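Participant: Right, I'll just put the structure down here and ask away after.
The values are calculated or read from the model by the stated rules, or taken from the named source; none is laboratory data. Keep in mind that what you see is a predicted model, and the values were worked out from it rather than measured. Every residue, glycine as well, gets a Cβ built from its backbone with ideal geometry; the counts of neighbours run over all protein chains shown.
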Amino acid sequence: MYIDTLVARTIPDTRGRPTVEATLASGAHSVTASVPSGKSTGSHEAFELRDADGSVATAIANVNGESASALVGRDFTSADEIDKLLIELDGTTNKSRLGANAILSVSIAAQRFFALAKGVPLWKAIAERANDGKGFLESVPSAATPAPAFRHVRAERNALEKSLPVASAPRLFLNFMNGGVHADFKLPFQEYILVIEGKTSDAMMIAREAFAKLGERLGSVPMGDEGGYAPTFDTLEQPFELLAELVKEFPHTSIAIDAAASELFHDDAYQLLGKSYSADELSALYRELVERFPIHSIEDPFAEDAPDDFAKLTAELGKRILIIGDDLTVTNPARIKDAAVRKEINAVLIKPNQIGTVREAIQAVQATCAAGWQTIASHRSGETADTFIADFAYGIGAYGIKAGGLGQKERVEKYNRLLAIEQEVKTM
Ligand code: PGA
Ligand code: ZN
């Protein structure tokens, strides 16, 4: 693909804060991509470049200047080649020079462009890339007895191929109630989620009905940053009780939370509803909640720099529920490999903007699969209308997708894209 133009601009995200959108054009075709922005960001994430006034003017200038100079007028054979060049051009370990937001806007646009050029849906192009070019939905080769000399090579290859992602529909991790920094700490934990299993179209029917039902029960309450309800309760258990009622009523559902515990950690303890908890006390609380309620997963149960506490909880609860790393692992392949050695978690949240390129986000997925863990693809609390994360989730065969609540159109668009993918898959 010969790149004719690359141009970026500022657009507002769902919180009205500026973010980066880029358009890449070649011949008669052009594609656009925009990047989301987090609020409860992990300190080990790639660097989001913002100016002192909160704008992304320098990030935009870096796309229109250095990145465009490096790409425009050149021919590329893959999106990966473009990502490699962007990583080299930035030259830092955390994308602090050009900005992860600047780089990711171009990286997503490049991925979209190569899908368009190949004439395949975006999710399929991502599936092929994540599967190391071995093709979409290619099953593990049958174990026909290989010639003795090749036996060990075949065994290694089988092990590798089993650990690669295969495209499939993700479970919905749909945000019903917002707390933490996404709702001025009206609730202590950041996200109260209903996990809905099954085909996207069936899961969405349940989602709409259950979301409306909770709305009726809560009455008039504000919405949080991620399009879930933001009610206030007196006790820690009340949101769990409400979700447990929905689980009773709707089949194929369970409860997930994102504790986002880095945000709860002050003065050497976790602060919840005016009470201080040590890591051990918080562990005891999680165990009690898991006993009492149908809990599927807990994300970031402890602060980002408390890996030992993660490992302890995973040893205690990891056979029953998913313990998901977000701020802990920040979509960074090296951090995920470290976490695997220490068995800190058993699932990883994958957010492309935590690492800054699609290439590295896919490497993070591959590192997660190699550990035998699950991936949950995720949006950010500040979103745009870009639905890339839906194609990404499907393409990497994510176990789940977090795309927010139904109270905000930018979140609903991700689910609508998943519904469209469900139909595209049937015609492939
Ligand atoms: P963030 O929240 O986008 O504000 O980081 C999402 C999450 O913590 O999963
Ligand atoms: Zn999180």
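Participant: Quick test for you: out of V358, V365, V330, V348, pick the one residue that is in contact (Cβ under 8 Å) with a residue 60 or more places away in the chain and in contact with a strand residue (DSSP E or B) (Cβ under 7 Å, 6 or more places away or on another chain). Write out each step before concluding.
Facilitator: Numbers: V358 fails: in contact with a strand residue (DSSP E or B) (Cβ under 7 Å, 6 or more places away or on another chain); V330 fails: in contact with a strand residue (DSSP E or B) (Cβ under 7 Å, 6 or more places away or on another chain); V348 fails: in contact (Cβ under 8 Å) with a residue 60 or more places away in the chain.
On inspection, the qualifying residue turns out to be V365.
Participant: Take region 158-212 and flag every residue that is among the acidic types (D, E) and either outside any strand (DSSP E or B) or in contact with a Pro (Cβ under 7 Å, 6 or more places away or on another chain) (or both).
Facilitator: E161, D184, E197, D202, E209
Participant: Right, T384: within 16 Å of ligand 2 (Cβ to nearest atom) and either modelled with pLDDT of 95 or more or outside any helix (DSSP H, G or I) (or both) or not?
Facilitator: On the way: within 16 Å of ligand 2 (Cβ to nearest atom): no; either modelled with pLDDT of 95 or more or outside any helix (DSSP H, G or I) (or both): yes.
Taking the combined requirement at face value, the residue does not satisfy it.
Participant: If you don't mind, another one. Considering only residues that are of a type in the set (S, T, N, Q) and touching a Ser or Thr at 6+ places or on another chain (Cβ under 7 Å), look in region 382-420 and name the one that is surrounded by the most Cβ atoms within 10 Å (Cβ to Cβ).
Facilitator: Per the stated criteria, the residue is T384.
Participant: Taking region 233-265 on its own, how many of its residues are among the aliphatic types (A, V, I, L, M) and more than 14 Å from ligand 1 (Cβ to nearest atom)?
Facilitator: 7
Participant: Any idea how many residues of region 177-231 are free of Cβ contacts under 8 Å to residues at least 60 places away in the same chain and closer than 30 Å to I421 by Cα?
Facilitator: 13
Participant: Right, another one. Quick check on region 320-332. Is at least one of its residues closer than 22 Å to I401 by Cβ, away from ligand 2 (no atom under 16 Å from the Cβ) and not in a loop (DSSP other than H, G, I, E, B)?
Facilitator: Scanning region 320-332 turns up no residue that is closer than 22 Å to I401 by Cβ, away from ligand 2 (no atom under 16 Å from the Cβ) and not in a loop (DSSP other than H, G, I, E, B).
Participant: Out of all the residues in region 349-399, which are of a type in the set (A, V, I, L, M) and within 12 Å of ligand 1 (Cβ to nearest atom)? Walk me through it before giving the result.
Facilitator: Initially, region 349-399 is screened for residues of a type in the set (A, V, I, L, M), giving 349-350, 355, 358, 361-362, 364-365, 367, 370-371, 376-377, 385, 389-390, 393, 396, 398.
Within region 349-399, L349, I350, I376, A377, I389 qualify.
Participant: Conditions: (1) out of contact with any helix residue (DSSP H, G or I) (no Cβ under 7 Å at 6 or more places or on another chain); (2) more than 30 Å from I362 (Cβ to Cβ); (3) among the small types (G, A, S). G224 meets all but one. Number of the miss?
Facilitator: (1)
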